[in-house]
Amino acid sequence: MSASTRPETIDVRVLTADDVALARAMLNLFGREFGDEATYAHKQPEDRYLQRLLGSDTFVAIVAQIGQKVVGGLAGYVLPKFEQARSEFYIYDRRSMPATAAAARPRQ
């Protein structure tokens with residue numbers, strides 16, 4: 001297989017507090033893909049906020065990269081439960097937000 005036909009390697013990485021630049025690249029990607037750059041690209045929090053979030057035990061961000069370019073991402077939240085000594089992991093998926101909000105509404 002020649003270099004021109006070889007598939008590109010995708011590297012997957014869990015972000016840490018030192019990966020603010022990659023978190024910003026992921027947010028920019030989300031803005032483009034979700035068609036909402038005003039939210040994801042234009043109103044990003046300060047570096048210290050992202051460092052605290054990326055370093056917390058309750059948030060996980062994962063990026064997929066080809067070379068230095070972020071080509072995918074996943075964000076999720078660890079929710080400690082009260083009914084048992086356990087946690088659940090919730091993956092942030094903007095497409096499912098309306099369904100999640102509807103499910104959370106109290107029933108009449």
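Quick note: the coordinates plus some simple rules give every number you see, no bench work behind them. Computed from a prediction, not measured in an experiment: that's the story for all the values here. Here the Cβ positions follow ideal geometry from the backbone for every residue, glycine too, while neighbour counts run over all protein chains shown.
Residues Val60, Val14, ranked from the fewest to the most other C-beta atoms within 10 Å, line up as Val14, Val60. Proximity of backbone amide H atoms, modeled 1.01 Å from N, is registered between Leu15 and Ala61, Ile62, Val63 at under 5 Å, excluding neighbours fewer than 5 places apart on the same chain.
Remark: spin-label model distance Val12-Ile91 equals 1.0 nm, labels positioned 7 Å along the Cα→Cβ axis. The residues Tyr49, Tyr40, Tyr92, when put in order of fewest to most other Cβ atoms within 10 Å, stand as Tyr49, Tyr92, Tyr40.
Go through Gly31, Pro80, Val60 and say which Cα lies farthest out towards the positive end of the charge dipole of region 26-89; charges sit on Cβ, +1 for Lys and Arg, -1 for Asp and Glu. The one lying farthest along the dipole's positive direction is Val60. Under 5 Å from the amide H of Gly73 lie the amide H atoms of Ala64, each residue being 5 or more positions distant or on a separate chain, with H modelled from the backbone and absent for Pro and chain starts.
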